[in-house]
1. What does the extension gain come out to for residue 375 and residue 417, with contour length at 0.36 nm per residue minus their alpha carbon separation?
2. When N is the residue count of region 370-477, what does its C-alpha Rg come to as a fraction of 2.2 N^0.38 Å?
3. Return the Cα extents of the chain along principal axes one, two and three, sorted largest first, each rounded to a whole Å.
4. Only Cα pairs under 8 Å and at least 6 apart count here; give the relative contact order of region 370-477 as a rounded whole percent.
5. Going by how many other Cβ atoms sit within 10 Å of their own, how do 205, 335, 5 line up, fewest first?
6. When a footprinting reagent is the concern and you count Cβ atoms within 10 Å, what order do 377, 338 take, fewest first?
7. Let me see the P(r) profile for region 1-159: every Cα-Cα distance counted, bins of 10 Å, each bin given as a percent of all pairs.
8. So if I take the centroid of the Cα atoms in region 118-179 and the same for region 232-264, what is the distance between those two points in Å?
Amino acid sequence: MSVRHYVLFSTDGFINSPSSSSLSDNSTDRKNLYVFGFVGGLFRVDSTIINSNLNWQNPHNWSDYQNLKGTASIPSPLIWGEVDDDILITLINLGMKYRPDLRNYHTIHIHGAHVSTQIDGFPETSFGVPVWEKLKECPPAITYYYKPMGSGTCMYHCQVEASEHIQMGMYGALIVYPSMKSLNEAGIKKNKSGRWCFNGTEQSHIPFTATNRNFAYENVSTYFDKEYTMLLSDIDSTWHESVFNNSSFNAINYKSDYWLINGRSFPDTLYPHPLTSKAGEANYESYVHVKTGEKFLLRMINMGYQVVPWYVHGWPFLVAGKDAVLNSILKLKSHLNIKNTANEIGEMGCTVSIASGQTYDLIISSDDKREEYKNYITKGFSGVPYLYSQLKSLSQEDSSAIFNIPTEPLKCQKPTLTNYLQIYSQGSNDVNDKLFPQFYPMHNHDGYKVTNNGIYPGGQLAFIQVDAPDKLEEVIKNKRKKRDDYEFF
Ligand SMILES: [Cu+2]
């Protein structure tokens, strides 16, 4: 149980969004969109200061805060904690750099949290935080606080003139992990050899390195190896321009023309996210990169004004939870102590409709499908020749018919492009090398929202790259099977 204290500053800024499907940085392919948002981050954990610059009570920091004006982007910093932590969020209102005449109050509403109305950020029932005017005095600040009682995916946003301030970008993700204590209370524990157990039964699919932050909920079926937060939103650029230009805009004329994942449209969704500072912690990366056999969690959040039918190619997902509540089938399964580790019992799907303000926790097991895929890729069936030979003759007809795929962009300044002919032509005779990597798109299924400025592909589109299973891992696994001895590690 910790105190996690975040300090956020409200202000304005710009995001630079692709306005075509080009991977180039050419300014003609990009558009600046005026936004509002929060900047700042984690100030302290218990009495350990993480970032002393965020100590707003220290007069030495005050002049620097003026430099934060105009630096907002989308989304706002990701906030996380564990069940029973004290989450504190201090809000300071810097005012706007580009619209200094705007003296609006701002608030923090933690969407999905159960707090008293006096502090839930709804200004009409409580208060707003005013602009810091007397710069030689300590900024007026309000500290929102709450103790999460349950785990799951939430978000926070400003609730002042919510139609406009949310549209302008004042939102971020908020994640609550189970604590060791809350897991233990649900029967999920580590035994003396370091292996995870549920009600005393060893869970061999959960590695001994897993921590409480590898569970979405206090439920053994919600274990994951990796997690990705997908904060979805939509933008009407006309509205943003009218706020920038101080011209009037009637919210009922809302018509979105940019669709974002974590503040970015495809192809920017391929690149490392600028807000990621610390490896291994929850972040806004949207390029999913896993190994065969890994389970990954998609924390879907919709802060847009339109329902998103989110579709994942290739893999069915398990609905682990919705709106920070564990899925009732999983709850029942654990209550009845049904001992299957696979997903046979659970709500599965490939598309989920995510309304504005909803969150979904989706878990995908990238199971080993080599035997199945060989039928498509290297064998062929029902008299159809295998795919490589078909693609080869297709490329002789029209070489550009074989599309290029960006591969491993997180390792590169620019994504390396490849295509399946190149992958199949790899020198190795090992058929596995021709099967991997697999690339699965996931996207808004309202097709026109997979565009930038009307140009396809763009918008809410991201990729999942699944690599071959780690050979070393396989060796270890085999040895483990034989010896069942954790001292091996
Ligand atoms: Cu606001």
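1. 12.6 nm
2. 1.26
3. 75, 61, 39
4. Across region 370-477, relative contact order equals 17 percent.
5. 335, 205, 5
6. Listing 377, 338 from fewest to most nearby Cβ atoms yields 338, 377.
7. All Cα pairs, binned at 10 Å, distribute as 10, 36, 33, 16, 5 percent.
8. Taking the Cα centre of region 232-264 as reference, the centre of region 118-179 is 21 Å away.
Any read-out appearing in this document is the output of simple, stated calculations on the displayed coordinates, not a laboratory observation. Here the structure is a predicted model, which is why all the values come from computation and not from measurement. For neighbour counting, all protein chains shown are included, and Cβ atoms are generated from backbone atoms with ideal geometry for every residue, glycine included.
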